Amino acid sequence: MSGQDPIAAFRVEAGELLEQIEQGLLDLGHRLDDRDLVDAVFRGLHTLKGSGAMFGFDALATFTHHCETAFDRVRKGLAPATQELVAVILSAQDHMRALIETDGTGLEAMGDAILVRLQAAIDGASGTPAAAVAAPKGWRLSFRLPPESMANGTNPLMLLDELRELGDCRIVARIDRIPPLADLVPVECHIGWDVELHGDISKDDIEDVFIFVMDDMALKIEPLAAEPVADEAPADVPVPVAANDAPPPAAEAANAAPGRAAAKSGESVRVPAERLDELMDRVGELVIVQSRLSQLANGGGTAADLVLRSISEEIERLASELRDTMMVLRMVPVASLFGRFRRLVHDLSRETGKTIELLTEGETTEVDKTVMERLADPMVHLIRNSCDHGLETPGERIAAGKPAAGQVKLSAHQQGGEVMITIRDDGRGIDRDRVRAKAEAQGLIQPGQTLNDQELLQMIFHPGFSTAAAVTNLSGRGVGMDVVKRTIESLRGSIDIKSVPGEGSTVTLRIPLTLAIIDGLLVRVGNGRYVIPLAAVEECIELSLEEDLRSRGRSFITLRDRLVPFLRLREMFDTGTRPDPHQKIVVIATGAERVGLVVDQIIGSHQTVIKSMSALHRDVSTFAGATILGDGGVALILDVVQLVTLGQHQEERLRAAG
C-alpha cells in the first residue's frame, strides 16, 4: 500500500496544471484569436476547479470557478480575449497557487480584488459578438468512446446522465461492434450511442460534457434539423461480427492481451527529488568502493589475484553503467528553466511599458537538475537587468533606428563537460564611462588606472555596484550581480560579459553538466595527488628538465604555432620538492582559452565523486572540491576555470612586460 500523501500528490499535479495554464495564457497573449488556446486554458481551469473541490480545497474551487466562467464566455463568443483578460487571469493564477499552498486564510481580500478586475475585463470587452446567433432547438449527436476508456476511469453512464440534465433526451445504443463472446474483453467499451437533445442548448454545453475525453473519442454534433450522415450502420440494427472476420479499425487494438497497457512506450514515473539525491549518494559510495577494490586487485600476480582482478573489472563495468544511468536520470532539458521566464518577461513588459520579445534556442540541452535549480535565481536577475537597464523604450528604439520591440534571447548549448547559457539583448549596451566613473567613486580602481575591456565590465559584479540613475522596483540598489557571480562560481562555473554600445549586451554562463560524479585525470604534484576534470583536458605533452630551465621567466610553450602559457603547480602549491626529471604538461581549455599545467606524473583516469570542501578551505579558489581515492587518501579537484583565468593574467603581464 502506498504511503504517499494524497494532498501532497494533488499539490504537485495542481502545480503542473498551473504551469500549463500559464504557458497557454502567455501564448494566447500573442494570438488572441486562437480558439485552441482558449479551449486549452478553459480545460485547465475546469480540471483545476474539479480537482480542488475533490480534495477539499473549496476556496480554490470557488475562486477558479469565476475564472473558468470568464473563459467560458470567451469560448462561447460572448466576449473577446484581450490582453487585459490575459493579465488578470495570470494574476489569478498566482492567487490560485497561494490557495494551493495554504488554507486560504488572509487571502480573501486579494482574491476579491482580482475578481473585481476580472469582472471589469469581461464587462469592458463584452459586446454583441458576431458568433451570437440563435441556437437551434435541438441537436443530434453520435459518439463512441475509445476501447480503453473505462479502464482509464471514464464512466459512459455518467456522460449520458449529464446529457439528460441538459434537456429532453432520447438515447439509442449502437451495439454493432460488440465482438463474439470468445473475443470479448470485459474491461473495454464496445458500445456507441446516438442521442437526440431537445431544448435551448448550445453546442458548447454538449462539448463540455465530453471535455476530458474529446481528444480520443469519435464525436459528431449536428443541429437537429440536419439529416444524419449515414457513415455507420443504423443505430438500432445490430451488425454481428463473425469470429473469422477482421475487426473494425476502432476495435483492432482491443483484441490485444489485457495486460498490453504495461508495454506502452514513453511512460514515466514521478519520483521525489530527494530519492534521486539519495540514490546518487549511494552510487557515489559504490564508485569509491569499486576504486578500492580495483587497487587491491591490481596489487599481486597470483591465480587468486587474477580471479579477483577479473571480478573487479566486471564490477567496474557495472558501476560505470550504473553511474551513467544515474546521471541521465538527473538530467533535465533547459526548456523547463527557460519556460519560467516567459511570465517574468510578460510582467516586466507591462511594468516598464516596453515591448519585449523573449526568444529561446537550444531548449533540448540537458543539465543536472541540481544545477538547474540553482541557476533559476541568477538568471532571473540577469533577465531583469536586460529588460530594465538594457532595453530602451519603444520611442528611444525608434529614434535609434531599431524596431519598437526589444528582444531578449536565451540560448544554451553543450561544450565538452560544460553547458554554455547566454542571455543576450539588443538594447543600448553598457556605458563604459559610467562604469569607470562609478568604480572610481567607490574606490575600486584608481583614477586613470589602465584596465582592459573585460576587467572594466567585470566591475559590475562588485557588491553595491550599480550604474542606475534612480532606484526602481526592479533594480538600482546595487545588490544582485555580486550574488549572481558568487552563485555561478559556487557551481564551479564562470560568468563572462560582452557589450557593444548601441547594439546590446551578452552575458555567458559556463556551468558544469553535473555536480556529482565526473571523469577525472589523476596527477601527482610533489607528494600530493590532484584531479583535473577530464572534460577540460585537451592533450598531455612532456616537459624535460632542460626545457623547464630554459623557460624560466617566460612560461610559454608552442603548440601548433600558438603560444600557450603554463603554470608550475609545484610552485603554486609550494610542495618543497624537486621536480621529476620528466615532467608533464596537461593542456586544459575553457572555450577558446588554453593553459598548460605542469605536473610531476600522470597517474591515469579516475571516476571522481565530488565532495564539498570544508568551511576552512571554501575560499581557496584554486580547488573546486575533493574526492576520496581507492586507498582512502584524499585528492583535491582543480578548478579549471580559475586556473585558466590565472594563466591568462600571467600571459597578459608577461606580454606587457615584454
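The values are calculated or read from the model by the stated rules, or taken from the named source; none is laboratory data. All figures in this text were calculated on a predicted structure; none of them were measured in a lab. Here Cβ is always computed from backbone atoms with ideal geometry, including for glycine, and neighbour counts include all displayed protein chains. Quick note on the areas: whole protein, heavy atoms, side chains included, nothing else; ligands and nucleic acids left out. Shrake-Rupley method; radii C 1.70, N 1.55, O 1.52, S 1.80 Å.
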>> Among the listed residues GLY604, GLY502, GLY576, identify the single one that is open to solvent by 10 Å² or more (accessible area, probe 1.4 Å), under 30 Å from GLU285 (Cβ atoms) and out of contact with any Pro (no Cβ under 9 Å at 6 or more places or on another chain).
In response: GLY604
>> Of all residues being assigned to a loop (DSSP other than H, G, I, E, B) and open to solvent by less than 30 Å² (accessible area, probe 1.4 Å) in region 352-377, which is farthest from PHE338 (Cα to Cα)? Just the residue, please.
In response: LYS354
> So ASP194 clears everything in (1) assigned to a loop (DSSP other than H, G, I, E, B); (2) without any contact (Cβ under 8 Å) to a residue 60 or more places away in the chain; (3) open to solvent by less than 50 Å² (accessible area, probe 1.4 Å) except one condition, right? Which one?
Replying inline: (1)
> Residues in region 536-545: is at least one at pLDDT 85 or above and either surrounded by 18 or more Cβ atoms within 10 Å (Cβ to Cβ) or of a type in the set (Gly, Ala, Ser) (or both)?
Replying inline: yes
>> So, in region 384-404, how many residues would count as being open to solvent by less than 20 Å² (accessible area, probe 1.4 Å) and under 13 Å from ARG424 (Cα atoms)?
In response: 4
>> Considering only residues that are among the aliphatic types (A, V, I, L, M) and either modelled with pLDDT of 85 or more or within 30 Å of ALA400 (Cα to Cα) (or both), which ones fall in region 489-510?
In response: ILE495, ILE497, VAL500, VAL507, LEU509
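Table: residues versus (1) open to solvent by 50 Å² or more (accessible area, probe 1.4 Å); (2) touching a Ser or Thr at 6+ places or on another chain (Cβ under 8 Å); (3) part of a strand (DSSP E or B); (4) at pLDDT 85 or above.
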position	(1), (2), (3), (4)
ARG317	yes, no, no, no
SER320	no, no, no, no
LEU329	yes, no, no, no
MET379	no, no, no, yes
> If you go through region 52-65, how many residues are open to solvent by less than 30 Å² (accessible area, probe 1.4 Å) and part of a helix (DSSP H, G or I)?
Replying inline: 5
> How many of the residues making up region 195-221 are over 18 Å from SER149 (Cβ atoms), charged (D, E, K, R) and modelled with pLDDT of 85 or more?
Replying inline: 1
> Taking region 521-568 on its own, how many of its residues are within 44 Å of the chain's Cα centre (by Cα) and over 24 Å from VAL641 (Cβ atoms)?
Replying inline: 4
